[in-house]
1. Identify all lysines with a Cα-Cα distance to Lys315 below 16 Å; exclude those on the same chain that are fewer than 8 residues away in sequence.
2. If the reach is capped at under 16 angstrom between alpha carbons, list the aspartates and glutamates near Lys396, excluding any in the same chain fewer than eight residues apart.
3. Just order 528-540, 42-54 by mean Cβ neighbour count inside 10 Å, highest at the front, would you?
4. So if R0 is 41 Å, what FRET efficiency would Ala391 and Thr322 give, r being the distance between their Cβ atoms, rounded to the nearest 0.05?
5. For the range 523-672, what is the charge dipole size about the Cα centre, in debye to the nearest 20, if Lys and Arg each add +1 at the Cβ and Asp and Glu each add -1 at the Cβ?
6. Along its three principal axes, how long is the range 523-672 when you only count alpha carbons? Whole Å, largest extent first please.
7. Sequence-distant or interchain residues sharing an amide H contact under 5 Å with Val809, placed H: which?
8. Would you list which lysines come within 22 Å of Lys739, measuring only between C-alpha atoms, while excluding same-chain residues fewer than 8 positions from it?
Amino acid sequence: MTQPTLADRLPADADADALFDLFLDWVGERGLALYPAQEEAILEVFTDNHVVLKTPTGSGKSLVAVAMHLHALARGKRSFYTSPIKALVSEKFFDLCGVFGPQRVGMMTGDSAVNRDAEIICCTAEILANIALREGVDAKADYVVMDEFHYYADKERGVAWQIPLLLLERATFLLMSATLGDTRPIEEHIERTTGRRVAVVSSEQRPVPLAFDYSEEPLHEALARLVDQDRAPIYLVNFTQRESAEEAQNLMSVNFASKEDKRTIADEIADVRFDTPYGKDMQRYLKHGIGLHHGGLLPKYRLVVERLSRKGLLKVISGTDTLGVGVNIPLRTVLFTKLCKYDGQKTAILSVRDFKQIAGRAGRKGYDDQGYVVAQAPAHLIENKRIEGRAAAAGKKKFVRKQAPQKGYVPWNEETFRALVERPPEPLESSFQVTHGMMVDLLQRPGNAYRKGGGYRLLIDLIGKSHEHDGSKRYLRRQARALFKGLRHAYVLEVRPHEYLRGQEVVVQADLQTDFSMMQALSLFLVEALGALDPDSPEFALDVVTLCESILEDPRAVLLKQLDKLKGQLINDMKAEGIEYEDRMKRIEGLTWPKPRADFIYRLFEIFEEQHPWVGHENVRPKSILRDMYERYLSFNDYVRELGLERMEGVLMRYLTGGFKTLVQTVPEMYRSDEVMDIIAFFRTALARVDASLIQEWERLMYGEERTVVPELAPPLDISREQRSFRARIRAELHALVKALAEGDWEEAAACVAQAPDDPWDAARFQAALEPFLEEHGRLIFDHTARLTDKTTVQPDGKHRWRVSQVLVDPEGENLWAISGEIDLREDTAPEGPMILVHTIG
């Protein structure tokens, strides 16, 4: 029998006291007891006050959030939970489904939407901000939990935490973080806006207290001591991905894991595909009991590290400071290798907020009585201390001291460390900004037709309400005027006679595709620039890709590798020509990474900038990564190996994913030629081989349907419904198979196709099937000709079944051989992996 949920226990017309008693009983049944700060905050929630909750990591803020959701349900209202990280949103969604029942809980992240009309919604902060912009005070968001509220001060994303406070005047807020600092200006604004009291609940009491230690011994000795003292698992905090990987490699010389743990780890990862170039290194680290965790890794590798860590199998995890939010790794000790970091502009001592956010992850509730935070002294000072000791023991008075690093270093000492421990976090500062996406959202708000000034007036009012100072507001108003002109010039906005009032009204063009997105600051430039391309040009599809790439952020690490490769090739060519060293160096001075159509793009942008002064400091960034991969038909692994990107596979993956989204969401339908669709399908197929978990999101984007993790809440996706995309995917899968066969990579060929249990095609079978072809023709051709559409045939063969064939191109041009197979989607209309079942090659 199914256990009743917390919502099922709600009595009719429960008052605050009855609700509190019900909640206490539920908490007790779970074997928990409330801390004083939790109890105080929950009472304030049930009294219908706003709450600012400032308590340490692990102190049970989530229970207070559950209380707010319960309070909302009891009053017949709708509540939202927001977080900065999609993974946390998903995790909270499943947690709340268990507490309140899946029929009452929904999720929206921008990548997925589940049960969007539910009484409780889990979403990213940006989603709620967009709802607030589009619906204003009428938004069905009566109670709002804003987790990790310190993001309010984030320069890039902080505006999403401020907008709901400005626009949701009827909502009740719960703002939570371990590192809020002084929030009095925010509290005063909420009280003025809503007319209700803000209760501030703060406590320094941690369920697992922290001990702080400053280490002046070499790093490996410090780690060994901590492991010997039973203070593992230890997170080794670095501030670059390179340092994280180097420390993981250095730790291979030390045995932290027992033989039994190593055997268990080997069993745990036996089914994991470490099939990218860096995969072998990751596998080696893990089998040795060492974890590596940073944003340059593929998501699947990070998830393996998190899973092994939760099982207590990794004694030391080397990673970056991204640990603070959204990483589910239970730790006993956090060890800082440095107390300074490069913030994008300069190297500086960590902020108190950053330090406490990371340090707060030490100590596992329910496992540890004590958590530990250790900071290493500067490495050169530790080494000098050892040199001094050796010199003193040998009776030497003179010795050479090791110098401090010349760059990327700011000195710190134990006093610096103690100040970070003892000082409160810095006050939160407003980071409000206006964007063209914000204006579009405001213009789409219902009721604008009856409102004088419409959405533009709403934006000006919003700037006036913001938490910025007067000088900043004046600048933002000027920027808003420029934004409006730019959107109108790009035909995103239309000014027309007002339907109900005198004068004119501003509306969003009705013929923009439903998934049109302005997620990039220069999306308007892309839309305008696409119109300058010649659709009859043989380079049209590649130029569409190039324009998309020009508005994406530069993955600098990848581009520098491209530049290194170009320089190496040029130097080798000049050496072969006998050019002297000095001349060679001069010739490579001005070299940069590939920038196809750069002059054309810069000219277009100059025109765009004259007509759209709001772009300000923005600029286009021509480059060729997506284009380069497609032109040479390189797989993800091929590209990683060629450029030596092993330690930054995740960087490449994120860039390719961003490029894919731009192609699908921002390129209007009129510019999606058949070859553009082929390019989209190529990346889908190539990257599916790397991390299939990304494909669900892509299918949703391509077919305009919601991806769901609760099947009964949405109909199954049918990828064959949109025929152009479906056939492009078929061609891409067949091309990937032919490429593998042409290269003699039989294992890869087997991985490119679906496998029938009663008729599998393994590597040996592919090799045997192609052997007669190779004996007759010598080699299989895979070039542009082999990928022409006339080489692929797709014929319907009943409902959700198709016969497919792919002509194999030979050097003589006879082309009598073909791969024949079928696609059967009767049981699964949205397969994540390969679709094609091979029947014959002959």
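All of the numbers you see were taken from the coordinates with simple rules; none came from a lab. Being a predicted model, the structure only gives us computed values, none of them experimental. No Cβ is skipped: glycine too gets one built from the backbone with ideal geometry, and neighbour counts run over all protein chains shown.
1. Lys259, Lys262, Lys287
2. Glu388
3. Details: 528-540: 14.1, 42-54: 21.8.
The most tightly packed comes first, giving 42-54, 528-540.
4. Details: r = 41 Å, r/R0 = 0.99.
Rounded to the nearest 0.05, the efficiency is 0.50.
5. Details: 20 positive and 27 negative charges, 111 e Å.
Roughly 540 debye for the range 523-672.
6. 50, 34, 33 Å, listed from the longest principal axis down.
7. Ile781
8. Candidates past the 8-residue exclusion: Lys791.
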